[in-house]
Amino acid sequence: MRKIVLAVFLFFSTVLRAFAVPATGEIIEMPAKPEQGFQWGYVIYLPKTMDTSKPLPILFVMNNNGSYSTQEENIKSVLARFQKRSGDLVEYGIADGVGVPMVMPMVLREELPQNEPQFLYSHELNRAIFVLKDGPYARLDLQALAMLKDARKQLKQRQIRTQKKFLIAGFSAAGAFGNRFALLHPERVLAVATGGDHYPPLPFETYNGVPLIFPTGAYDMETYTGKKFNKRAWLQIPIFISEGGEDYNDPLPYEDTFGDEDRAVVLQVLGEGTGVDRWERVREILAASAPNVQTHTYPNTEHFWAKQDVIDFLNAHKKGGPLKPITPTDTSDRPSNFPIRVTKLYWGDEAKKELTPDLHQYMREREVYMRVEGDNSLPHWVDNITCAVDVLYQGNVVIENKRCASAQFQDTTHHFNLQAIRLTEEEWAALKKTGGRTFSLRTYYPRIWDVPEDLTFTIP
């Protein structure tokens, strides 16, 4: 991995910026202070619901912009999260509901050159980030602690007293950061509430003889941090981790989230199947070994976070004490978006006939497309990790367990989506040799995709 050099971001001037947000509280934009241990700026949010007559815990939420960006775009994206109406209940709505100040970093998610591994998902504190020895991303966990120390000083100047221990919340990659941070620094954490993180670390160094390297567990933490996993302190943290029962937004196949080494550990410990299957195995392990953790799966939900449950859980634990389980929101009557019904199959050039010309540049001849239309359209995050198919000829498998490509095309004029199955040159050549034959698809994940048996495509 290349050494990353910290750029000088003009956006982080030494001047503090504070301004009010309509219908909510006040936010304060803080600059990076490398000399004090943090190389990224952060935001303090002060809700109107705070009771400043007593010391308050700070709520820490890692930023997660969901995509690569420039630093200017990144800062705008983070600040925009505080500029929505309170009814939208983004992260600052949790601070409103709990009545505590909130800190959110403005860490960049940077895209590396194409010839280098793309596994720097900084917002989730993945292994590639964790093992860095220098540069702006090194030891983001310690940088977060330095931000919180600085935030406490800033709040003290405003006569807002804060506790040394803090609350953590986060969803998806930010949820992963929170769960992993708590493993690294349990003595500093008051309570944790996260969602959308399929693979929270297990509180062991080994499991069934398998070394759980970070972030799967605590096996090699001491190698990189200089201290062993404090399991006694971790068991004192009330933790709530939730997942959607149909959350197939599985990070495991992505190389910017898991490297080969830690991915192999996950598969060895939790087995094959979908991310939802493996999440349920995580729940079983935690239920048997972690009495401080409450887990929940929300039926009929996708990449879903019930923020009111997060507010309820943090309110129940913001004064400390053992785990007090909450009653999660009932989603059993919620309409399911799965399975997604495929209405047509066709290969590249044939599909172009039904697409607007501006989309043609993204299409390839050696692709097969599944068309979805109507109300049962694709969730925005459905991509290569949620689609796997077998290609059949006369009922016999000719290409097995083929993952969909990350390309997803939407035609808003005609209200349909195309999900691409990108074949290799060898696979495409094999199908072309059978010119004029008709093929069908069988879904590898039948809970996600419904491809009727009579849908076919023909290679001329």
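Points to keep in mind about this one:
- The single condition among (1) closer than 20 Å to D247 by Cα; (2) in contact with a helix residue (DSSP H, G or I) (Cβ under 8 Å, 6 or more places away or on another chain); (3) among the aliphatic types (A, V, I, L, M); (4) at pLDDT 80 or above that V389 does not satisfy is (2).
- Lone unmet requirement of (1) modelled with pLDDT of 95 or more; (2) under 19 Å from F130 (Cβ atoms) for E255: (1)
- From the list N179, N230, the one residue that fits, being touching an Asp or Glu at 6+ places or on another chain (Cβ under 9 Å) and buried (at least 21 other Cβ atoms within 10 Å of the Cβ), is N179.
- Taking the conditions (1) assigned to a loop (DSSP other than H, G, I, E, B); (2) modelled with pLDDT of 95 or more; (3) over 25 Å from F171 (Cβ atoms); (4) not hydrophobic (A, V, I, L, M, F, W, C) in turn, G217 satisfies each one other than (3).
- Looking only at the range 428-446, and only at residues there that are surrounded by fewer than 17 Cβ atoms within 10 Å (Cβ to Cβ) and within 30 Å of D277 (Cβ to Cβ), the one that is modelled with the lowest pLDDT: P446
- Matching option when the condition is modelled with pLDDT under 95 and either buried (at least 21 other Cβ atoms within 10 Å of the Cβ) or touching a Pro at 6+ places or on another chain (Cβ under 9 Å) (or both), among L16, L56, L89, L46: L16
- Neighbours by Cβ (under 9 Å, 6+ apart or cross-chain): first from the range 34-48, not assigned by TED's automatic domain parsing to the domain that holds L148; second assigned to a loop (DSSP other than H, G, I, E, B): none
- Candidates E350, E354: the one that is assigned by TED's automatic domain parsing to the domain that holds G436, assigned to a helix (DSSP H, G or I), charged (D, E, K, R) and surrounded by 14 or more Cβ atoms within 10 Å (Cβ to Cβ) is E350.
- Single residue of W234, W279 found to be touching a Pro at 6+ places or on another chain (Cβ under 7 Å), within 21 Å of F214 (Cα to Cα) and among the aromatic types (F, W, Y): W234
- Pairing residues of the range 318-333 that are farther than 18 Å from N300 by Cβ with residues that are of a type outside the set (V, I, T) and exposed (fewer than 13 other Cβ atoms within 10 Å of the Cβ), at Cβ distances under 9 Å and at least 6 apart in sequence or on separate chains, gives P322/P291; L323/P291.
- For the range 168-190, residues that are of a type in the set (A, V, I, L, M) and touching a Pro at 6+ places or on another chain (Cβ under 7 Å) total 2.
- When each of D262, D277 is tested for being crowded, with 17+ Cβ neighbours inside 10 Å, among the charged types (D, E, K, R) and either assigned by TED's automatic domain parsing to the domain that holds P200 or in contact with a strand residue (DSSP E or B) (Cβ under 7 Å, 6 or more places away or on another chain) (or both), the lone residue that passes is D262.
- The number of residues in the range 303-328 that are part of a loop (DSSP other than H, G, I, E, B), buried (at least 17 other Cβ atoms within 10 Å of the Cβ) and modelled with pLDDT of 90 or more comes to 6.
The values are calculated or read from the model by the stated rules, or taken from the named source; none is laboratory data. Since we're looking at a predicted model, the values are computed, not measured. No Cβ is skipped: glycine too gets one built from the backbone with ideal geometry, and neighbour counts run over all protein chains shown.
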